[in-house]
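What follows is a single structure, written as structure tokens, with notes after it.
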Amino acid sequence: MTGQFFIAELRAVIKDAGVFLLFVIAIVAYSIIYSTAYSNEVLREMPVAVIDQDMTVLSRQYSRMVDATEQLDVVKKVMSMHEAEQSFYAGEVKGVVLIPADFEKDIYRGVQTSVSIYGDASYFLVYKQTLSGAAFATSTFSAGVEVNKLLAGGARMEQAMAQRDPLSTKTYKLYNPSSGYGSFLMPGLILIILQQTLLIGIGMMGGTRKERFRNQYQLPKGLQKGQIAPIIFGKTGAYMLIYLIDSIFALILVHYWFGFPDKAKMLDVFILLIPFLLAVSFMGLAISVLFKRREHSLMFLLFLSPAVLFLSGLSWPATEIPAFLYNLAHVFPSTLMIPAYLRVRTMGVGLHDVSFELIFMMGQVVVYFVLAYFAFRYSLSRIKRS
């Protein structure tokens with residue numbers, strides 16, 4: 001019976017255009033489209049306008065230093081804030097740098113001066129790049145001014161550099177050397193795509209069967225209670241086969257094509273992946289008996305998808321999520337799979353370092369199998385009564 005239902009479920013997936021689209025085409029499309037969208041990794045050359053109210057040698061030097069940063073590109077030099085505002089609202093620039101009058105005079109007099117930076121904080125990544133680029137140019141310019149003063153006072157270059165920067169900082173970017181947004185987001189996002197498409201597809205198949213045969217959920221009328229487990233295993237085997245192939249594409253080929261961080265042994269990755277996919281499959285079978293129509297699964301699980309992404313700790317640190325919500329999110333296998341997978345894949349840790357997450361997912365496999373078993377048993381009792 002397990003083999004029969006395995007083959008029957010594979011045929012059902014292939015014949016159902018909507019489910020096949022989710023199980024195969026959507027995985028390929030989402031993985032490539034999202035990875036391509038984030039392939040630049042970091043925002044560079046953000047267009048900004050400079051208002052130079054001083055028009056001196058030092059103010060022009062500072063403007064050139066802003067333009068030379070990786071983050072910013074001075075595309076306009078305007079004379080007033082009104083002109084800068086018009087360019088900003090027209091979308092021509094993403095920020096404004098204002099160099100005040102008497103900029104050079106104050107520096108030569110030893111009086112502290114300031115430069116004003118205006119950035120669009122409603123778009124956080126753009127604002128961050130505008131601010132960090134201007135801050136880098138300002139700190140470099142200030143260092144040059146101080147070093148020149150010390151040199152003019154008779155200090156040697158080594159002394160001047162040491163006095164200007166008595167405490168230096170060395171920064172090491174671990175596991176994401178480019179600080180890329182795609183390398184940060186995509187590995188975990190692919191897991192959520194795998195989970196949600198699998199849940200939606202299983203739910204759609206259950207809803208379709210309910211529409212056609214009322215209470216029957218692809219269960220023969222002569223089925224006995226002891227034969228429910230082979231049906232569950234057969235269906236799950238079909239989903240596992242499809243999604244292991246999907247995983248090879250999304251977690252190996254896409255990783256390689258887009259150069260995402262990868263320090264893992266692939267055996268460890270698939271040891272984590274198997275209980276994850278099993279738990280998702282059993283969970284999908286358990287809840288699929290609840291959907292009376294095909295589109296109910298699509299609407300319900302698509303509605304949950306943004307919450308699953310947020311509560312996974314991928315877009316916002318899990319420590320900052322209210323404990324109640326984060327604990328509730330452990331209903332979904334992705335909540336613990338994502339941090340475990342990221343540690344194994346990007347940090348190169350061993351399975352013993354993610355043993356808690358692995359054991360928890362194994363527990364989910366057992367729990368969701370039991371729920372699927374009783375859900376099918378309930379469905380069987382409805383069939384026999386009808």
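The values are calculated or read from the model by the stated rules, or taken from the named source; none is laboratory data. In this text, all values refer to a predicted model and were calculated from it rather than measured experimentally. Note that we place each Cβ from the backbone using ideal geometry, even for glycine, and neighbour counts take in every protein chain shown. Just so you know, the surface numbers come from the protein's heavy atoms only, side chains and all, with ligands and any DNA or RNA stripped out. Shrake-Rupley method; radii C 1.70, N 1.55, O 1.52, S 1.80 Å.
Residue count for segment 97-107 under the criterion of being open to solvent by 10 Å² or more (accessible area, probe 1.4 Å) and outside any helix (DSSP H, G or I): the result is 4.
Right, residue 252: β-branched (Val, Ile, Thr), at pLDDT below 95 and open to solvent by less than 10 Å² (accessible area, probe 1.4 Å) or not? When the stated conditions are applied, residue 252 does not pass them.
Within segment 108-131, the residues that satisfy the criterion of being open to solvent by less than 40 Å² (accessible area, probe 1.4 Å) and either at positive phi or part of a helix (DSSP H, G or I) (or both) are 126, 129, 130. When the residues of segment 122-155 are filtered to those that are among the small types (Gly, Ala, Ser) and either modelled with pLDDT under 85 or over 15 Å from residue 66 (Cβ atoms) (or both), which remaining residue is nearest to the chain's Cα centre (by Cα)? If we take residues in segment 122-155 being among the small types (Gly, Ala, Ser) and either modelled with pLDDT under 85 or over 15 Å from residue 66 (Cβ atoms) (or both), then 122 is nearest to the chain's Cα centre (by Cα).
So for segment 15-31 (the condition being open to solvent by less than 70 Å² (accessible area, probe 1.4 Å), of a type in the set (Ser, Thr, Tyr) and farther than 24 Å from residue 119 by Cα), does at least one residue qualify? So far as segment 15-31 goes, yes, one or more of its residues are open to solvent by less than 70 Å² (accessible area, probe 1.4 Å), of a type in the set (Ser, Thr, Tyr) and farther than 24 Å from residue 119 by Cα. Summed over segment 42-71, residues that are more than 15 Å from residue 139 (Cα to Cα) and open to solvent by less than 40 Å² (accessible area, probe 1.4 Å) total 10. Determine whether residue 28 is part of a helix (DSSP H, G or I) and either free of Cβ contacts under 8 Å to residues at least 12 places away in the same chain or out of contact with any strand residue (DSSP E or B) (no Cβ under 8 Å at 6 or more places or on another chain) (or both). So residue 28 fits the description; yes.
In this structure, residue 146 does not qualify as farther than 26 Å from residue 179 by Cβ and either touching a Leu at 6+ places or on another chain (Cβ under 6 Å) or of a type in the set (Phe, Trp, Tyr) (or both). Looking across segment 72-96, just one residue is open to solvent by 80 Å² or more (accessible area, probe 1.4 Å), assigned to a loop (DSSP other than H, G, I, E, B) and either among the aliphatic types (A, V, I, L, M) or more than 18 Å from residue 125 (Cα to Cα) (or both), and that is 79. Residue 177 fulfils the conditions (1) open to solvent by 60 Å² or more (accessible area, probe 1.4 Å); (2) at pLDDT below 75 except for a single criterion, (2). Note on segment 281-386: enclosed helices (runs of 4 or more DSSP H) holding 2 or more residues that are open to solvent by 30 Å² or more (accessible area, probe 1.4 Å) and polar (S, T, N, Q) are 355-385.
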